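Everything on this sheet refers to the single structure shown next.
The values are calculated or read from the model by the stated rules, or taken from the named source; none is laboratory data. A quick note: this is a predicted structure, and the numbers were derived from the prediction, not measured. No Cβ is skipped: glycine too gets one built from the backbone with ideal geometry, and neighbour counts run over all protein chains shown. Quick note on the areas: whole protein, heavy atoms, side chains included, nothing else; ligands and nucleic acids left out. Shrake-Rupley method; radii C 1.70, N 1.55, O 1.52, S 1.80 Å.
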Amino acid sequence: SAVAKTIKHYDKTGSHEDRHRKGRSKVTSAAEDKFIRSSSESEEDEEQPERRTESNTDLPSEYWQIQKLVKYLKGGNQTATVIALCSMRDFNLAQETCSKSTRNKEAIRKAGGIPLLARLLKSPHENMLIPVVGTLQECASERSYRIAIQTEGMIEDLVKNLNCDNHELQMHCASAIFKCAEDKRTRDLVRQCEGLHPLVTLLSQADNKQLLAATTGAIWKCSISMENVAKFQDYKALETLVGLLTDQPEEVLVNVVGALGEGAQKPANRATIRKCGGIQPLVNLLTGTNQALLVNVTKAVGACATELENMTIIDRLDGVRLLWSLLKNPNPDVQASAAWAICPCIENAKDSGEMVRSFVGGLELIVNLLKSTNKEVLASVCAAIAKIAKDEENLAVITDHGVVPMLAKLTNTTDDKLRRHLAEAIARCCMWGSNRVLFGEAGAVAPLVRYLKSKDSSVHQATAQALFQLSKDPNNCITMHDNGVVKLLLGMMGSTDEVLQEAAAGCVANIRHLALANEKARYG
């Protein structure tokens, strides 16, 4: 191909500077000879596509082009290396087939490309660094590359290049950090290499949307670690991020809102978002259609709602109604995120019972989501039902909508997150009419006893509370006893968790009272 011939030409002859470099040897080394021969062989292969196709019909031509380019990275001089790297990036990256193709990324890795890229990353030449980092940030979507970027010490180099003056290079570095910071080790390394402050500084480049998207993405993912959030607080990052909530492309908004949602896990930041006027633009974004943005904005609004002053604003802006309407969204990630956000809203609203009843069809909608097959949706909906059921009128309404048999049907799950919130919902729903009897008849008791064997202590607490409520019905006590609940609860009665301790003791007491009553009836 023309690219191969150009690279070969430059590799053999070198650039004008290479040819006149002082002390340059005119004798081609054995290694260079071997490289040139392998290059020639590659060219011959390319000129005979029929032979290649016959033996490897499942491999696209791009696979072989990548393999060839990596050979030039291994053995070429500086000019040939730059051309090879640029050629890698010249493939149409919008298609599955340089480095968005999983197969090509694997080909680069197997050909020994990662340590080569790590070595090239230390180059002082920006024209070299741009294609190197560009290739890395594309490949960083693969976990094997992310681990290698950590272990090969590349995070320090990426951080160093955030401080350069080249916006394209900064963008690629930030994008690589964005993808790599999915892993905690990377998030820690970015902080330890003092990379958080340069990221905040780059937020000032608001006119460069590509750079802004990469930078806000890196800040979002780094914010998953609370140690980094504390640093971002010191650098006043949240104030700047709130200012980016309007008049930005959706790609930027997804990242900005994601970062705010993580930052809002800390109480001080929830107040900062409010004081900077961030609540209204966040609520306004609940009316959008971008699924990734909706997932992030519901999380951010939910985190803000845990503070009473914020909740007052959210309620006034009709934010809870907007969250409830997102339960109709066909995307289960949006449904789950909306349901999680509804929980603190109900918890902190002035008259949550009346607010929930004001949503026409809202209670029926949330109960029907218990038919979902998505575990995250089920866990979040159970958590919301536990909050809703604190109001007696609303508990009566969801009972009429069949909440008891639907919750009972889910009890055979082995998912601890779902178990915890399901047990909470059952405990609350037991407090209306004959619901505790109905749970027993629906077969919910025996599976709940098995939850006590979970390794998750939060499951124990919720389960003990549910069993305590259920144990107020004699038939449920018999079922529990037959399934060995007493031995499990006796150990938990000595727990340092007072809520668990009290619930376990109450359940055992109810079982014991029933046993004593039976003995008295039998023997007088």
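Residues checked against (1) touching a Lys or Arg at 6+ places or on another chain (Cβ under 6 Å); (2) open to solvent by less than 20 Å² (accessible area, probe 1.4 Å); (3) not hydrophobic (A, V, I, L, M, F, W, C):
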site: K266; (1), (2), (3): no, no, yes
site: R270; (1), (2), (3): no, no, yes
site: R274; (1), (2), (3): no, no, yes
site: G277; (1), (2), (3): no, no, yes
site: N284; (1), (2), (3): no, no, yes
site: N290; (1), (2), (3): no, no, yes
site: V297; (1), (2), (3): no, yes, no
site: G302; (1), (2), (3): no, yes, yes
site: E307; (1), (2), (3): yes, no, yes
#### Entry: Scan of the stretch 420-443 for residues that are touching a helix residue (DSSP H, G or I) at 6+ places or on another chain (Cβ under 7 Å) and either charged (D, E, K, R) or outside the structural domain of H460 (by the TED database) (or both), ordered by number
R420, E424, R428, R436
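Only one residue in S87, S99, S61 is open to solvent by 30 Å² or more (accessible area, probe 1.4 Å) and at pLDDT below 80. Which one?
S61
Could you pull out every one of the helices (runs of 4 or more DSSP H) wholly within the stretch 174-265 that has 1 or more residues that are charged (D, E, K, R) and over 24 Å from I149 (Cα atoms)? Can you show your working first?
Values: elements: 184-192, 196-202, 209-222, 226-234, 237-242, 250-263.
Fully inside the stretch 174-265 and qualifying: 209-222, 226-234, 237-242, 250-263.
What number of residues within the stretch 341-384 are closer than 21 Å to G402 by Cβ and either outside any helix (DSSP H, G or I) or hydrophobic (A, V, I, L, M, F, W, C) (or both)?
22
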### Task
Please find, within the stretch 457-494, the residue that is modelled with the lowest pLDDT out of those that are open to solvent by 30 Å² or more (accessible area, probe 1.4 Å) and not in a helix (DSSP H, G or I).
G494
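Condition test on Q150, is it at pLDDT below 85 and open to solvent by 10 Å² or more (accessible area, probe 1.4 Å)?
Against the criterion (at pLDDT below 85 and open to solvent by 10 Å² or more (accessible area, probe 1.4 Å)), Q150 qualifies.
Please go through the stretch 249-263 and pick out each residue that is of a type in the set (V, I, T) and open to solvent by 10 Å² or more (accessible area, probe 1.4 Å). Let's see the steps before the verdict.
Filtering the stretch 249-263 for residues of a type in the set (V, I, T) gives 252, 254, 256-257.
Within the stretch 249-263, V254 is the sole residue that qualifies.
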### Task
For the stretch 348-384, name all the residues that are open to solvent by 50 Å² or more (accessible area, probe 1.4 Å), within 30 Å of the chain's Cα centre (by Cα) and of a type outside the set (D, E, K, R).
N368, T373
### Task
Could you tell me whether any residue of the stretch 323-344 is more than 24 Å from the chain's Cα centre (by Cα) and either modelled with pLDDT under 95 or over 30 Å from T414 (Cβ atoms) (or both)?
no
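For the stretch 437-450, name all the residues that are over 15 Å from V403 (Cβ atoms) and either buried (at least 16 other Cβ atoms within 10 Å of the Cβ) or aliphatic (A, V, I, L, M) (or both).
Keep residues of the stretch 437-450 that are over 15 Å from V403 (Cβ atoms), which gives 440, 443, 445-450.
Selection gives G440, V445, A446, P447, L448, V449, R450.
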### Query
Given the conditions (1) outside the structural domain of D165 (by the TED database); (2) among the polar types (S, T, N, Q); (3) open to solvent by 40 Å² or more (accessible area, probe 1.4 Å), which single one is not true for S204?
(1)
### Task
State yes or no: is K221 at pLDDT 95 or above, within 22 Å of the chain's Cα centre (by Cα), charged (D, E, K, R) and under 27 Å from N284 (Cα atoms)?
yes
### Query
Hey, among S454, S434, which residue is open to solvent by less than 70 Å² (accessible area, probe 1.4 Å) and touching a Lys or Arg at 6+ places or on another chain (Cβ under 7 Å)?
S454
